[in-house]
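Everything on this sheet refers to the single structure shown next.
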Amino acid sequence: MNSGKRQHERKPFSEAVDCSVCVLNLRELTTVQLRTESLDISAGGISIRTGYPLEPGHVLRFSSGIKSNAGIVRWTVKHDANRYKAGVMFV
C-alpha cells in the first residue's frame, strides 16, 4: 500500500545539468543535447526544468552536473508557455 511517503528524501538542488535524450521522429533517431535546471534531488532521482518537451519513458544520459549516468523520465508537466518540469528516476 502506498503511504504517500517518498522512498528517498528530496533535497534542494539548483544547478545546471547537461544531458542528452534520443528521440524517434518519423523513423529517424535523433539525439537532442539539453541543458536543464535542477530543482531537487534524492538518491533515487532528480526533478528538472527544461525548454524541451520531455515525455515519460524518455531516457536521459547525463554528462555533467550529477553523479548518475542515466535516468528515465517518470512524469512531466508544462510549467509555462516554453518550460516543462520533469521527474527523472536514476537507473
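Give me the percent of the accessible area of the chain that comes from carbon and sulfur atoms, probe 1.4 Å, all protein chains in place. Before the final figure, lay out each step's value.
On the way: 3070 of 6260 Å².
Here carbon and sulfur together make up 49 percent of the probe-accessible area.
Over the chain, with a Gaussian network built from C-alpha contacts below 10 Å, which listed residue (Ser38, Ser47, Ser63) shows the highest mean-square fluctuation?
Ser63
Could you give me the ³J(HN,Hα) list for the stretch 80-91, computed from phi with Karplus coefficients 6.51, -1.76, 1.60 and θ = phi - 60°, whole Hz, x at Gly and Pro?
In residue order, the calculated couplings are 7, 3, 10, 10, 10, 9, 9, x, 10, 8, 5, 10 Hz.
At a threshold of 8 angstrom on Cα-Cα distance, excluding pairs fewer than six apart, so keeping six or more, what relative contact order does the chain reach in percent? Write out the running numbers ahead of the final one.
On the way: 211 pairs, mean separation 23.1, N = 91.
RCO, the chain: 25 percent.
About its Cα centre, what dipole magnitude does the chain give when the only charges are +1 on Lys and Arg Cβ and -1 on Asp and Glu Cβ, stated in debye to the nearest 20?
Values: 13 positive and 8 negative charges, 45 e Å.
Dipole size: approximately 220 debye.
By per-residue mean of other Cβ atoms within 10 Å, what is the highest-first order of 75-81, 65-71? Don't skip to the end; give the middle numbers.
Working: 75-81: 10.9, 65-71: 16.0.
Per-residue mean Cβ counts within 10 Å order the peptides as 65-71, 75-81.
The values are calculated or read from the model by the stated rules, or taken from the named source; none is laboratory data. Note that this is a predicted model, so its numbers are computed, not measured. Virtual Cβ from ideal backbone geometry, glycine too; neighbours counted across all protein chains shown. SASA here: full protein model, heavy atoms, side chains in, ligands and nucleic acids out. Shrake-Rupley method; radii C 1.70, N 1.55, O 1.52, S 1.80 Å.
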